[in-house]
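Worksheet for the structure shown next.
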Amino acid sequence: MTNAFASDQQSFNRILRRNISLPLIAGLITSAAFVGLILYLLSVMSSVEHSERVIGSANEVSKLAVDMETGMRGFALTGTEATLEPYQVSKPRFEVEMKNLRVEVADNRTQLNRLDRIQALFDQWDQYAQDVIQTRRDNGDYQALLDRSAGRAQFMQMREEFESFIELEQRQRRERSEEARSVTYSTIAGFVLLSIVSSGILAFFGRRELVRLSSTYSTALQQYAEHAEALQAQAWLRSGQSQLTERGIGQLTLPMLGTSLLEFLSSYLGAQVGALYVREDDGTLRRVAAYGFNHEDEPFGRAFRDREGLVGQAAAERRLMHLNEIPADYLKVNSGLGSTVAAQALVVPIDNEGTVNGVVELGFMQAVHPRDVEFMKLVAANIGTSVEASRYRQRLQNALEETQQLNEELQVQQEELRSSNEELEEQSRVLEESQANLENQKAELEQTNEQLANQAIVLDQKNIALNQAQQQLEERANELQRASRYKSEFLANMSHELRTPLNSSLILAKLLSDNSQGNLSEEQVKFAQTIYSSGNDLLNLINDILDISKVEAGKLEMSPEHVSLRKLGDALKMTFAPLADQKKLGFEIRIADDTPVNILTDHQRTEQILKNLLSNAIKFTDAGQVVLSISREGDNHVRFDVQDTGIGIPADQQQLIFDAFQQADGTSSRRYGGTGLGLSISRDLATLLGGSIRVSSQPNRGSTFTLVLPTAWQDTPAPAPPPAPVQPAPQVP
């Protein structure tokens, strides 16, 4: 045995040397090869990423050129400064991106030459675009410049150069990728071939010696495993028995004890459903605890008699039953995702000092292990003893409660007798006094009855009058509701009938004011512009009146959505910045750092309120600036402050401006225009959104209109925070 062990030890050492040294050397060689391959691939990836950056930059520059051409043509066709914004924004970015692109391809002379040609073509086209823009602003013959094919040809040639530039970069990227793929495939193929050859050699020589060594150790390992498994099974049985005994310790009632034992058995044995039946004094086995039962299966199988069902049969025969094949409707296992049937079941009788006093039934979704059956046989007596102890404690508790109840009843009866004697004495004395008082009360009651009869007549008359008044109020309310409906329908129909011809008039006035054919005099163009401006004012008035009627009728529907405050500010800045520039006013939007990113509200109505406030601020401000500040108000509200340096509002007129068709000064409508409906509509819309509007102002020092909205709009608007005390309007810096 010693010689065989020494030989096996030498063979094992030889296998270790061969299977460790050779793979270690091969690993060093392949590691060096892979390091070189990875460095090469990193170089290729860097080149490919450089090409992708160049392609992306070229596409961005080409897109900027297209935006500039679109903005120039849009301005030439409409004459509106807002349409020229893409040209003005894209031009400086085009120059910056061209410089960056030249830096990216500084090592490629061909691409640099192509960029030089693109820059030259762009300079020529830009000069052409500036001529068109200046001619359009001067109301010259810009159409002739647009019809010229030279500018269009320059732009198309510039786009072709961009396409050639991008195509060359894409071709270089494909060539680099294909070269890297070829090198990678070759390296991997060599590594796989070397691995197969070396692995085959090691496997061939090592297998013979490992087979012989494994046969020597397998016998010893098998014997050790069998012994360890036996010890583990015994330890598992003893551990479960001690844990089950711990569960039965304490002053537990029978249902609590049964629930605790079933929970332990389900977790220790892996059962999914179970029940504990206890024998009562009449011999009936009644279920006192259940585990994993469905509500529908709860009423079934609550009690069994001797030899009734498997539960009664197991108790009568004092025999553990192991059911391998269970019918589909025997035991159900339920969960939130569905239900299924148990695969196997154990019905185990429990006993106390040799007398069967209950049955434990367990259902399993898997096959029951033999050691589980052995465990149940081992602990059956322990469970029976615990059940009997709990029943004994319950009987003692019941006897004690009955004794205490009898003592309490005796004490109560004695106290009642003593109280009854005292009450009888008191009642006899009170009866004597009551007899004297009754005679006096009889006379008073007769007088009181007469007064009550008179008051009843008066109350009947008042009730009749109140009923008549209530009926008149209901008729008046119905008339008001009908009048409101007629008014809303009239305003809706009239707004449609007025806006249809008014829109036609606006279109014709706009065409006349543009004077595209140049056949109108300057005075006629001014007349057409006046008609167009007055028509727009009339259209706004119709829309405002329709909004007021919808609010009053309660038919204005809200469409809450998540509104980005930053995007809302950008949209307002894009709309009002040109208007402020025309009046040479400063315009700024400030958003505090702690302001929420989004609020849940009606985007259209919120924007309508802010547009009205900003429009009024710009209209009534001749010098200075207008500032919109957005910040947090408390925990659940957002505050919008519109500050201006305009004419201001006297203190006695600051609430008057929120009434319909009212302005702070009677001369304001003549000097600045307007209908006086904007603030009234804004106040009603703010109320529907769950917020409020307040103003603080001083004449000739500017005004501050504050809109407060909840961060999350609800059907029943949350109360807005209490308005801050009115302070003098702060001076906008």
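The values are calculated or read from the model by the stated rules, or taken from the named source; none is laboratory data. Just so you know, these numbers come straight off a predicted model, no measurement behind them. For neighbour counting, all protein chains shown are included, and Cβ atoms are generated from backbone atoms with ideal geometry for every residue, glycine included. Surface areas here come from the heavy atoms of the whole protein model, side chains and all, with no ligands, DNA or RNA. Shrake-Rupley method; radii C 1.70, N 1.55, O 1.52, S 1.80 Å.
Below, the figures for the structure above:
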quantity	calculated
K526 accessible area, 1.4 Å probe, all protein chains in place, Å² to nearest 10	110
Protection-proxy order for peptides 257-266, 410-419, 695-704, each taking the mean of Cβ atoms within 10 Å per residue, highest first	257-266, 695-704, 410-419
Nonlocal amide H pairs with V626, under 5 Å, H built at 1.01 Å	G586, F587, E588
Rg/Rh (Cα only; Kirkwood hydrodynamic radius) as it applies to region 376-474	1.57
Spin-label pair T245/Q472, simplified geometry with 7 Å Cα→Cβ offset, distance in nm	9.4
Under 13 Å from the Cα of K583 - aspartates and glutamates, other chains or at least 8 residues apart	D622
Net charge of Cβ neighbours under 13 Å - reference D593; Lys, Arg +1; Asp, Glu -1	+2
Peptides ranked, highest mean first, by Cβ atoms within 10 Å: ranges 390-401, 613-624, 94-105	613-624, 94-105, 390-401
Rounded accessible area per residue of region 360-456, 1.4 Å, Å²	76
Mean accessible surface per residue for region 23-170, computed with a 1.4 Å probe while every protein chain stays in place, in Å²	54
Using a Förster distance of 51 Å, the FRET efficiency for L378-Q414 (Cβ separation, nearest 0.05)	0.35
Reach of K573 by Cα under 13 Å, taken over aspartates and glutamates that are not fewer than 8 positions away in the same chain	D581, E588, E607
In Hz, Karplus ³J(HN,Hα) per residue of region 121-134 (6.51, -1.76, 1.60; θ = phi - 60°; x = Gly, Pro)	4, 5, 4, 5, 5, 5, 4, 5, 5, 5, 5, 5, 5, 5
Length gained when the stretch R371-D514 is fully extended (0.36 nm per residue, less Cα-Cα span)	41.5 nm
